[in-house]
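Asks: Just passing along the structure, written as structure tokens.
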Amino acid sequence: MIYIYILFISLFFTVVYVYFSSKTHKRQEIDNTITRVKKPYREIKNINNILKRKSSNLSSRYIDEITTVYSSKPKLPYTSREPLKESENISRTDFIIFQGSKVLLVEDNIITQKIILSTLHKSGIDLTIASNGAEALDLLFTQKKEFDLILMDINMPLMDGYTATKKIRAKKQYDTLPIITFTAFTLGEEIKTMFEMGANSFLTKPLNIGQLYTVFNTYLVDNYRQISLLESIKIDGLDVKHGIAMADNNKAAYRQSLRDFMLLYKNMVHTMPRWINENESDRILAACMSMGDTLKFIGAYELQDIVFRMKKIYIYNTEHRIEEFQEIFPKKLEKLIKAIERYLSAE
């Protein structure tokens, strides 16, 4: 009888042990499953945090180019090893959309300097020129100048473009500064070395205005800056500071001169094209003679140049060429009128 009792007790404890062991095992499995589910979630969350920290240091335009979240070095701007496409139907006035951007031109060739200056001087772009790589490094490293883009020639005295680009890329703060090189070659070692030094793209010589616009549209799109009212008006053909200086720094007198100009010449937008169409030489010449000094006095440099060229036509007896100004004169005058109205209404 006692053996039966002992056997019953053993069976009871065995059943109890198995029951609780089963529950503990299942609980452990559940905990392990939860851990496995949470782990990738935490990893994804960590990666997202890393991405956020990395992308905060870069333009949103280049976020999709991040290839690793563990790199400590910011990614360079977009790099193109192929010749950039030429934007079509581009004129100098189209560059106004990049107004306020700061561009460093590193170029020893005076002709190329003048071409780029002529192309951009009415755009509102802040253009700085360095004649060689050493001058460029001085502007960046010593004078601490800030730029949105560098146009870098390759072959220059004292320090060439390769060396200058390499030294710029050695400084971490310039990792995201676009560097576009000038070259007369589109194949070979020069192009290869250029990219090895850290260039982002290249322009071929002689300069193509459509390609230059493509460069700016590619690399300056996120860098537009606000410019002052006077700078904006100057871009439209009215140099207010010059006009005030011509009026002995008397702003009231200058403003009155602008009002007088509007009163006398505003209707020329319509009458001058008609006179040109009807070949009214005497009226055209008289109007140009009377407008010339006034335009100089108020700082209307664009229309002043047009009127001067119109006067030369009659001085050199080439009246047949006056038709060239039938469209451009009213356009420049209308542009000037709008600039004057903006200035007068702003103060």
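Asks: For the stretch 246-264, state whether one or more residues are modelled with pLDDT under 85, more than 19 Å from Leu120 (Cβ to Cβ) and among the aliphatic types (A, V, I, L, M).
Replies: No.
Asks: Kindly establish whether Tyr301 is within 21 Å of Ile340 (Cα to Cα), of a type in the set (Phe, Trp, Tyr), in the same structural domain as Lys234 (by TED's automatic domain parsing) and buried (at least 19 other Cβ atoms within 10 Å of the Cβ). Break it down stepwise before answering.
Replies: Working: within 21 Å of Ile340 (Cα to Cα): yes; of a type in the set (Phe, Trp, Tyr): yes; in the same structural domain as Lys234 (by TED's automatic domain parsing): yes; buried (at least 19 other Cβ atoms within 10 Å of the Cβ): no.
Spelling it out, it is not the case that Tyr301 is within 21 Å of Ile340 (Cα to Cα), of a type in the set (Phe, Trp, Tyr), in the same structural domain as Lys234 (by TED's automatic domain parsing) and buried (at least 19 other Cβ atoms within 10 Å of the Cβ).
Asks: Given the conditions (1) surrounded by fewer than 15 Cβ atoms within 10 Å (Cβ to Cβ); (2) modelled with pLDDT of 85 or more, and given that Asn57 satisfies all but one, which numbered condition is not satisfied?
Replies: Failed condition: (2).
Asks: Being touching a His at 6+ places or on another chain (Cβ under 7 Å), surrounded by 15 or more Cβ atoms within 10 Å (Cβ to Cβ) and modelled with pLDDT under 95 is the requirement here; does Gly292 meet it?
Replies: no
Asks: Now for a different question. Kindly establish whether Lys102 is under 18 Å from Gln211 (Cα atoms) and among the basic types (Lys, Arg). Talk me through it step by step, then tell me what you get.
Replies: Working: under 18 Å from Gln211 (Cα atoms): no; among the basic types (Lys, Arg): yes.
So Lys102 does not fit the description; no.
Asks: Name the one entry in Asn200, Asn208, Asn223, Asn217 that is at pLDDT below 85 and either polar (S, T, N, Q) or touching a His at 6+ places or on another chain (Cβ under 8 Å) (or both).
Replies: Asn223
Asks: Considering the stretch 155-187 alone, what residues qualify as being within 21 Å of Lys145 (Cα to Cα) and of a type in the set (Ser, Thr, Tyr)?
Replies: Of everything in the stretch 155-187, those that are within 21 Å of Lys145 (Cα to Cα) and of a type in the set (Ser, Thr, Tyr) turn out to be Tyr162, Thr163, Thr165, Tyr174, Thr176, Thr181.
Asks: Filter the stretch 103-141 for residues that are small (Gly, Ala, Ser) and under 14 Å from Lys167 (Cα atoms) and give the result.
Replies: The answer is Gly133, Ala134, Ala136.
Asks: On to the next question. Considering Lys332, Lys296, which residue is within 34 Å of the chain's Cα centre (by Cα) and closer than 16 Å to Thr271 by Cβ? I'd like the intermediate steps shown before the answer.
Replies: On the way: Lys296 fails: closer than 16 Å to Thr271 by Cβ.
Result of the check over Lys332, Lys296: Lys332.
Asks: Another question about this same structure. So which of Lys144, Lys166, Lys172, Lys192 is at pLDDT below 90 and more than 16 Å from Lys85 (Cα to Cα)?
Replies: Being at pLDDT below 90 and more than 16 Å from Lys85 (Cα to Cα) holds for just one of Lys144, Lys166, Lys172, Lys192, which is Lys192.
The values are calculated or read from the model by the stated rules, or taken from the named source; none is laboratory data. Since the model is a prediction, treat every value here as computed from it, not as a measurement. Virtual Cβ from ideal backbone geometry, glycine too; neighbours counted across all protein chains shown.
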